[in-house]
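The values are calculated or read from the model by the stated rules, or taken from the named source; none is laboratory data. All values derive from a computational prediction rather than experimental measurement. Here the Cβ is made from the backbone with ideal geometry for all residues, glycine too, and neighbour counts use every protein chain on show.
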Amino acid sequence: MSNLTGRICVFTGSRHGARSEYAEAAKRLGRDLVARNYGLVYGGGNVGLMTVIADTVLEMNGDVTGVIPDSLVSKEVAHQGLTDLRVVNSMHERKALMAELADGFIAMPGGIGTMEEFFEVLSWAQLGLHEKPCGLLNVCGYYDPLIQFLDRAVEQDFIKPKHRALLIEENDPGKLLDRFKAIIAEHPAKRFDRAVT
């Protein structure tokens, strides 16, 4: 889409989770992305919350780019209705391409894979490899224990306060995207350099 103002990468579960609020939040985030002219970048699967947000964006004629490793095309059932589906050779390639394509990163509720992908891009922000916003969509307090852990890590001098401040938390998708917009506008020139990973 030529009118895109940017793309937001969303990491989320290949399952729906125990609460209906998770899927509702995925739909709201999808609608808010399209309303703000953001495209969606995600893992390319047609399962769980991944498909909820992708289908919501597509239903609103939004732009969806999926990135999936060849080994997961059948396991995560690659979504065949996307604007752009990129099949890559490995998880490393998947994460590097998603990071390159996106202007910001959001973690919705999810499991180990969601955490691993999100914390990698957050650690790259800490290292100064990019200046793209990283945020948690904290649906129904899902990430409260994680936020408490990170604050504990600051208390125990394992995370610097300035690096803790790189993580944005909101429970409302629109508010999270509004905060992203300000950061993206402030750092439009510096792009992710995957050569350093």
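Report yes if some residue within segment 39-47 is within 18 Å of Thr5 (Cβ to Cβ), more than 15 Å from the chain's Cα centre (by Cα), at pLDDT 95 or above and not polar (S, T, N, Q); otherwise report no. No, every residue in segment 39-47 fails to be within 18 Å of Thr5 (Cβ to Cβ), more than 15 Å from the chain's Cα centre (by Cα), at pLDDT 95 or above and not polar (S, T, N, Q).
Just one of the numbered conditions (1) crowded, with 17+ Cβ neighbours inside 10 Å; (2) under 18 Å from Asp103 (Cβ atoms); (3) free of Cβ contacts under 8 Å to residues at least 40 places away in the same chain is not true of Ile159: (2).
One line per residue, one yes/no per condition, for (1) within 17 Å of Thr114 (Cα to Cα); (2) among the hydrophobic types (A, V, I, L, M, F, W, C); (3) in a loop (DSSP other than H, G, I, E, B):
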position: Ile147; (1), (2), (3): yes, yes, no
position: Leu150; (1), (2), (3): yes, yes, no
position: Val154; (1), (2), (3): no, yes, no
position: Phe158; (1), (2), (3): no, yes, yes
position: Lys162; (1), (2), (3): no, no, no
position: Ile168; (1), (2), (3): yes, yes, no
position: Lys175; (1), (2), (3): no, no, no
position: Asp178; (1), (2), (3): no, no, no
position: Ile183; (1), (2), (3): no, yes, no
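Against the condition of a type outside the set (D, E, K, R), under 17 Å from Arg94 (Cα atoms), without any contact (Cβ under 8 Å) to a residue 60 or more places away in the chain and out of contact with any Ser or Thr (no Cβ under 9 Å at 6 or more places or on another chain), how does Ser20 come out, does it pass? Taking the combined requirement at face value, the residue does not satisfy it. Being in contact with a Ser or Thr (Cβ under 9 Å, 6 or more places away or on another chain), acidic (Asp, Glu) and surrounded by fewer than 15 Cβ atoms within 10 Å (Cβ to Cβ) is the filter; apply it to segment 56-106 and report the residue that is modelled with the lowest pLDDT. Step by step, filter segment 56-106, then rank; the result is Asp70. The criterion of at least 2 residues that are more than 26 Å from Ala185 (Cα to Cα) and either in contact with a helix residue (DSSP H, G or I) (Cβ under 6 Å, 6 or more places away or on another chain) or free of Cβ contacts under 8 Å to residues at least 40 places away in the same chain (or both) is met, among strands (runs of 3 or more DSSP E) falling completely within segment 33-143, by 64-69, 84-88.
This table checks each residue for (1) surrounded by fewer than 16 Cβ atoms within 10 Å (Cβ to Cβ); (2) at pLDDT 95 or above; (3) more than 19 Å from Leu33 (Cβ to Cβ).
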| position | (1), (2), (3) |
| --- | --- |
| Ser123 | yes, yes, yes |
| Pro133 | no, yes, no |
| Val139 | no, yes, no |
| Pro145 | yes, yes, yes |
| Arg152 | yes, yes, yes |
| Leu166 | no, yes, yes |
